[in-house]
Amino acid sequence: MYQSSYTEVLENAPQTVRANERAAILQSIRLLERAEEVGLDSREAIEALLFLRRLWEFFLVHLASDESRLPEKLRADLISVGLSILREAERVKDGETEAIGALKEISQIIADGLS
């Protein structure tokens, strides 16, 4: 089985990678919206927050990688945003806040930047 590294994928199709990243972020927004509709104590909320967490953990691993070709300042800024998203999602999960709107808003800004 052939496995390519993240860098190889980026080199071969950066527009496709950005589009896929954007699609994943937009999916996280849809899941968060559904969670808001049915309530933060719902299965949908748990699934939305889990998806968001996994997505940003994936992004953070690749942003922190030496293989990342993004400028250092941009990488640092995105890592900071990602860590903030993870912290806020954890606070929502723990019932400390109901600020799903902030998670959606930040996610939308990131998605818009990928278009």
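What follows is calculated from the coordinates using simple rules that are stated; it is not laboratory data. Model, not experiment: these values are computed from the prediction. Methodologically, a virtual Cβ is constructed for each residue, glycine included, from the backbone with ideal geometry; neighbour enumeration extends over all protein chains shown.
Rounded to the nearest 10 degrees, the inclination of helix 43-64 to the longest alpha-carbon principal axis of the chain is 30 degrees.
One Cα centroid belongs to the stretch 40-54, the other to the stretch 88-115; the line between them spans 12 Å.
Principal-axis analysis of the Cα atoms of the chain puts helix 14-38 at an angle of about 10° to the longest axis. Based on DSSP loop calls and a cut-off of at most 16 other Cβ atoms within 10 Å, the longest stretch of the chain free of exposed GluC sites (Glu not before Pro) is what? Looking at the chain, 1-66 is the longest stretch - no exposed GluC sites (Glu not before Pro) with at most 16 other Cβ atoms within 10 Å. The relative contact order of the stretch 6-113, computed from alpha carbon pairs under 8 Å that lie at least 6 residues apart in sequence, is 34 percent.
The alpha-carbon positions of the chain define a convex hull whose volume is 110 Å³ per residue. Where only DSSP H runs of four or more residues are counted, the chain gives -26500 deg cm²/dmol as its mean residue ellipticity at 222 nm, each run worth -39500 (n - 2.57).
Residue order for 73, 93, fewest other beta carbons within 10 angstrom first, comes to 73, 93.
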